[in-house]
Structure formats: C-alpha cells, structure tokens
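K.L.:
I have a structure I would like to understand better, so I am pasting it below and will then ask my questions one at a time.
The values are calculated or read from the model by the stated rules, or taken from the named source; none is laboratory data. In this text the structure is predicted, and so the values were computed from the model without any measurement. Note: ideal-geometry Cβ built from the backbone for every residue, glycine included; neighbour counts use all protein chains shown. What goes into the accessible areas is simple: the full protein's heavy atoms, side chains included, and nothing from ligands, DNA or RNA. Shrake-Rupley method; radii C 1.70, N 1.55, O 1.52, S 1.80 Å.
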Amino acid sequence: MDRPGGSGPGGRGGGINYKEKAKALKNAQVICCTCIGSGSDIIDSVNFERVLVDEATQATEPAVLVPLARGCRQLVLVGDHYHIVQRWLV
C-alpha cells in the first residue's frame, strides 16, 4: 500500500490513492493480511472483532498479539503439530 503522499511502488504513480484504499479497507467485510501487516498504518481505524490465524503453529506470540490488540472478541488458531519447525538455540 502506498503511504500518504507517496506516488506508488517505484515512484510510478497511478492507481487509487491512500485515502481511497483506506476507505475500501474500512468498508470491507473480510481483510486478509499477515499478523504483522494488521498493524499497518493504513488500517489504523479498523477493528478486528474476529481473527483467524492460519498456520498458528508457525506464528510467534508477539506477532499474534498485533491483530488481537485491535478489538478482537473471537480468535481462531488453525494449525497442526506436523508443521512445527524445530528451532535450535546454539
């Protein structure tokens, strides 16, 4: 997403502007994004009453807290133990 005053990716301009994107996101029934992306400034005015985290076994707790801080009332964590990546601290 373009930042306020930006001219788009690579400075090419064109497309819809920041305010139009923010309005479209505000009026959307469903927004798909990463946990960290849910903290983006373009969706500051959006509350997420319901949050679904896919591949929850891969998500870190701090990352999942980002959408939860936006008014979450229902949380669904989807994932399975077969996708757990072993992480070693050396």
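K.L.:
Among the listed residues ILE42, ILE31, identify the single one that is in contact with a Phe, Trp or Tyr (Cβ under 8 Å, 6 or more places away or on another chain), touching a residue at least 24 places away in the same chain (Cβ under 8 Å) and either not in a helix (DSSP H, G or I) or not polar (S, T, N, Q) (or both).
P.N.:
ILE42
A quick yes/no check of all residues on (1) polar (S, T, N, Q); (2) open to solvent by 70 Å² or more (accessible area, probe 1.4 Å):
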{"site": "LEU25", "(1), (2)": "no, no"}
{"site": "SER40", "(1), (2)": "yes, no"}
{"site": "PHE48", "(1), (2)": "no, no"}
{"site": "LEU52", "(1), (2)": "no, yes"}
{"site": "ALA56", "(1), (2)": "no, no"}
{"site": "ARG70", "(1), (2)": "no, no"}
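K.L.:
Out of all the residues in the stretch 80-89, is one or more open to solvent by 90 Å² or more (accessible area, probe 1.4 Å), under 14 Å from the mean Cα position of the chain (by Cα) and at pLDDT below 90?
P.N.:
Taking every residue of the stretch 80-89 in turn, none turns out to be open to solvent by 90 Å² or more (accessible area, probe 1.4 Å), under 14 Å from the mean Cα position of the chain (by Cα) and at pLDDT below 90.
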